[in-house]
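In what follows, a structure is listed as structure tokens, so that the remarks can point back to it.
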Amino acid sequence: MVGDSTMNHQLSVGSQMPTLTRTIDITNMIAYAGATWDWHRLHYDNEFLASKKIKSPIVDGQALGAILAEAVQDWLGPDSFITRLHFRFTTMVFAGETVTCHGAVTHVEGNEVTLELSMTAGEDNHPVLSPAGAQVRI
């Protein structure tokens with residue numbers, strides 16, 4: 001087991017990460033675009049989206065990765081360090097949708113923890129990622 005006195009919990013295989021839920025609106029998306037200099041029209045231009053028959057601006061994939069990283073860091077604390085974060089998208093997330101992050105410990109070795117992560121979105125909570133995971137040094 002890995003103990004983190006700052007967080008006052010013990011981690012072992014099966015430990016569940018607290019759920020993080022976030023609604024991503026167009027204001028969040030524009031702020032993220034400004035911070036990352038990613039001004040692709042898929043993320044904000046309704047006229048362009050309509051011409052491509054896309055219903056709404058698409059949330060930047062890196063923003064979703066940042067939300068996953070936030071969920072892990074919030075759980076494991078400021079002294080933890082994500083050494084690897086990996087995910088593959090199975091669907092798009094659109095402006096205004098709510099995403100929910102879940103995670104569980106799958107392996108513990110010394111001060112290294114492996115997590116299996118997932119994200120769902122929308123009113124139907126459809127899966128967004130498969131597979132997804134992280135290695136974290138605590």
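A few points about this structure:
- Of the strands (runs of 3 or more DSSP E) that lie entirely inside the stretch 20-138, those containing 2 or more residues that are open to solvent by less than 20 Å² (accessible area, probe 1.4 Å) span 98-109, 112-121, 129-137.
- The residues listed here are Asp79, Asp124; of these, the one that is free of Cβ contacts under 8 Å to residues at least 12 places away in the same chain, more than 15 Å from the chain's Cα centre (by Cα) and over 19 Å from Ala66 (Cβ atoms) is Asp124.
The values are calculated or read from the model by the stated rules, or taken from the named source; none is laboratory data. Nothing here was measured: the structure is a model prediction, and the numbers come from that model. Methodologically, a virtual Cβ is constructed for each residue, glycine included, from the backbone with ideal geometry; neighbour enumeration extends over all protein chains shown. For accessibility, only protein heavy atoms count, side chains too; no ligands or nucleic acids. Shrake-Rupley method; radii C 1.70, N 1.55, O 1.52, S 1.80 Å.
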